[in-house]
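Have a look at the structure below before the remarks.
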Amino acid sequence: MSFQDDAARIPSGSASPERGSPEHHEPVIPPPASGHGGASGHDRPTRTAALWVAVAVGLVVLVVLIAFFVQNQDMITVRFFGLEGTLALGTTLFIAAVGGGVLVALAGGARILQLRMSNHRRKKAVGGPGTAR
């Protein structure tokens with residue numbers, strides 16, 4: 001039963017109409033929902049369920065990464081700004097991917113910061129909630 005259904009059954013004032021009067025309306029109580037879930041039949045996922053799914057996906061990604069490292073153990077020479085060294089191919093590609101991810105995260109973080117600052121300036125100019133007058 002939803003909050004609106006409960007609220008509809010509560011009398012709105014202290015002076016309620018008599019039972020036989022035309023203003024009196026009996027509350028409509030919906031039939032109980034079939035099944036074992038909520039009233040709508042669609043249960044929303046919980047935070048714990050989302051965490052479990054994230055952990056499962058993370059484990060699958062780790063297994064794939066382990067397979068990637070095991071299959072790409074050939075040693076290669078890497079040169080970067082005058083530095084030179086040898087690393088396994090899988091490790092080199094993983095470092096490059098993580099470096100690309102860091103660059104994307106920095107660009108995304110800068111954009112989020114930019115949007116938050118412009119939103120803060122807009123709220124301050126309009127006199128939105130949280131501003132002193």
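Taking 0.36 nm per residue of sequence separation and subtracting the Cα-Cα distance, how much length would be gained by fully extending the chain between residue 43 and residue 68, in nm to one decimal?
Details: separation 25, 0.36 × 25 = 9.00 nm, distance 3.81 nm.
Answer, rounded to one decimal: 5.2 nm.
Please list, ordered by chain and number, the residues whose modelled amide H lies under 5 Å from the amide H of residue 78; skip anything fewer than 5 residues away on the same chain.
85, 86, 87
Based on the Cβ-Cβ distance of residue 77 and residue 57, what FRET efficiency does E = 1/(1 + (r/R0)^6) give at R0 = 35 Å, to the nearest 0.05?
Values: r = 35 Å, r/R0 = 1.00.
Given R0 = 35 Å and the Cβ-Cβ separation, E is 0.50.
Could you work out the pair-distance distribution P(r) of segment 64-125 from its alpha-carbon pairs, with 5 angstrom bin width and percents rounded to whole numbers?
The calculated distribution, bin by bin, is 4, 16, 14, 14, 12, 9, 8, 7, 6, 5, 4, 1.
Along Cα→Cβ, 7 Å out, is where each label goes; now give me the distance between the ones at residue 125 and residue 106 in nm to one decimal.
Here the modelled spin labels are 3.0 nm apart.
In whole Hz, what ³J(HN,Hα) sequence does segment 91-97 give by Karplus (6.51, -1.76, 1.60; θ = phi - 60°), x for Gly and Pro?
So the Karplus estimates, Gly and Pro as x, are 5, 4, 5, 5, 4, 5, 5 Hz.
Readers should treat all values here as calculations from the given coordinates under stated rules, not as data from a laboratory. Only a predicted model underlies this, so the values are computations on that prediction, with no experimental measurement involved. A quick note on method: Cβ atoms are made from the backbone with ideal geometry, for glycine too, and the neighbour counts reach across all protein chains shown.
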